[in-house]
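The values are calculated or read from the model by the stated rules, or taken from the named source; none is laboratory data. Model, not experiment: these values are computed from the prediction. Cβ atoms come from the backbone with ideal geometry, glycine included; neighbour counts cover every protein chain shown. SASA here: full protein model, heavy atoms, side chains in, ligands and nucleic acids out. Shrake-Rupley method; radii C 1.70, N 1.55, O 1.52, S 1.80 Å.
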Amino acid sequence: MRVVVPFGGREPKTRLAPFFDADERRDFAVSMLRDVLDAVRAAGGDPAVVADAPVSVEAPVAVDDRPLTEVVGDELDGFDGDPVAVVMADLALATPAALARLFETDADVVAAPGLGGGTNALVVRHPEFSVDYHGASILDHRRIARDAGCSFAEVDSMRLAVDVDEPSDLVEVLVHGEGRAREWLVDAGVRLERGTGRVEAVRERR
Ligand SMILES: Nc1nc2c(ncn2[C@@H]2O[C@H](COP(=O)(O)OP(=O)(O)OP(=O)(O)O)[C@@H](O)[C@H]2O)c(=O)[nH]1
Ligand SMILES: C[C@H](OP(=O)(O)O)C(=O)O
């Protein structure tokens, strides 16, 4: 299956500014992208990156600096009967098994909801479905699928639900991550702080 992986590499992960400077955020974002590409391939997918700036990874990269919804929308406009998946580049916990379950779920549109209302991954098998990202997009995608007469299924997956946006998401990467992104965090001096409340990620040094 063709798997589009959108990557915003110009100024990625701004919400992690309390932890990392701009160069570090880009490095970390690329390490997550590489993990996602490996997992997609191991799940049998054929990844293609669409990025707003050039990035060097082991997959074809198309550079397009339009907003996310337009770029992904164009990819879906080319629907020719073969399913197309969209998997975000910041799913640092994605495993081949979780992605295979997404790819194999049978519906016109299959979504993996993200924490906070986003849409972390999609499989599209219907020409009338379109995307509208940002702002609790899973609600919009349910509605768009219904209005287009598409069957719609959601995959309940912790590994696909965590997109790494906020400092609290770093806890999940340290606890459950298995790839480069976790290693990058450890090398950067990010560790778990166990207090009396919820475990937090802290950085030893900058
Ligand atoms: N091609 C493309 N991908 C984007 C763009 N903006 C975000 N993405 C990707 O879309 C996914 C979700 O991104 P967000 O978490 O909303 O944005 P972000 O820029 O990574 O992080 P923030 O700066 O914290 O909002 C990630 O895979 C991003 O790399 C864009 O303008 N173009
Ligand atoms: C792209 C966007 O991501 P979020 O802003 O939820 O990280 C969404 O999934 O709609």
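Structure notes:
- A single entry from VAL86, VAL72 fulfils the requirement of being touching a strand residue (DSSP E or B) at 6+ places or on another chain (Cβ under 6 Å), part of a helix (DSSP H, G or I) and either among the acidic types (Asp, Glu) or open to solvent by less than 10 Å² (accessible area, probe 1.4 Å) (or both): VAL72.
- Against the numbered list (1) at pLDDT below 95; (2) at positive phi, PRO18 comes up short only at (2).
- Restricting attention to the range 99-118, the residues that are free of Cβ contacts under 8 Å to residues at least 24 places away in the same chain and within 16 Å of ligand 1 (Cβ to nearest atom) add up to 1.
- Candidate set: the range 119-148, residues that are surrounded by fewer than 20 Cβ atoms within 10 Å (Cβ to Cβ) and under 16 Å from PRO67 (Cβ atoms); chosen: the one farthest from ligand 1 (Cβ to nearest atom): SER130
- Verdict on VAL49 being open to solvent by less than 20 Å² (accessible area, probe 1.4 Å) and in contact with an Asp or Glu (Cβ under 6 Å, 6 or more places away or on another chain): no
- Residue within the range 137-149 that is touching a helix residue (DSSP H, G or I) at 6+ places or on another chain (Cβ under 6 Å) and modelled with pLDDT of 95 or more present: no
- Scanning the range 53-70 for residues that are under 15 Å from the mean Cα position of the chain (by Cα) and within 8 Å of ligand 1 (Cβ to nearest atom) yields a single hit, LEU68.
- Contact map, the range 68-85: residues that are more than 11 Å from VAL124 (Cβ to Cβ) and of a type in the set (Phe, Trp, Tyr) paired with residues that are within 16 Å of ligand 2 (Cβ to nearest atom) and assigned to a helix (DSSP H, G or I), Cβ distance under 6 Å, separation 6+ or inter-chain. No pairs are found.
- Positions within the range 165-206 being of a type in the set (Val, Ile, Thr), open to solvent by less than 30 Å² (accessible area, probe 1.4 Å) and either within 18 Å of ASP21 (Cα to Cα) or touching a helix residue (DSSP H, G or I) at 6+ places or on another chain (Cβ under 6 Å) (or both), in sequence order: VAL173, VAL190
- Checking VAL57 against (1) open to solvent by less than 80 Å² (accessible area, probe 1.4 Å); (2) within 16 Å of ligand 2 (Cβ to nearest atom); (3) free of Cβ contacts under 8 Å to residues at least 60 places away in the same chain, the condition it does not meet: (2)
- Exactly one residue out of VAL155, VAL162 is of a type in the set (A, V, I, L, M), surrounded by 14 or more Cβ atoms within 10 Å (Cβ to Cβ), within 17 Å of the chain's Cα centre (by Cα) and within 16 Å of ligand 1 (Cβ to nearest atom), and it is VAL162.
- Restricting attention to the range 2-20, the residues that are in contact (Cβ under 8 Å) with a residue 60 or more places away in the chain and either open to solvent by 60 Å² or more (accessible area, probe 1.4 Å) or in contact with a Ser or Thr (Cβ under 8 Å, 6 or more places away or on another chain) (or both) add up to 3.
- Given (1) touching a strand residue (DSSP E or B) at 6+ places or on another chain (Cβ under 6 Å); (2) under 25 Å from ASP77 (Cβ atoms); (3) open to solvent by 10 Å² or more (accessible area, probe 1.4 Å); (4) part of a helix (DSSP H, G or I), index of the condition LEU102 fails: (3)
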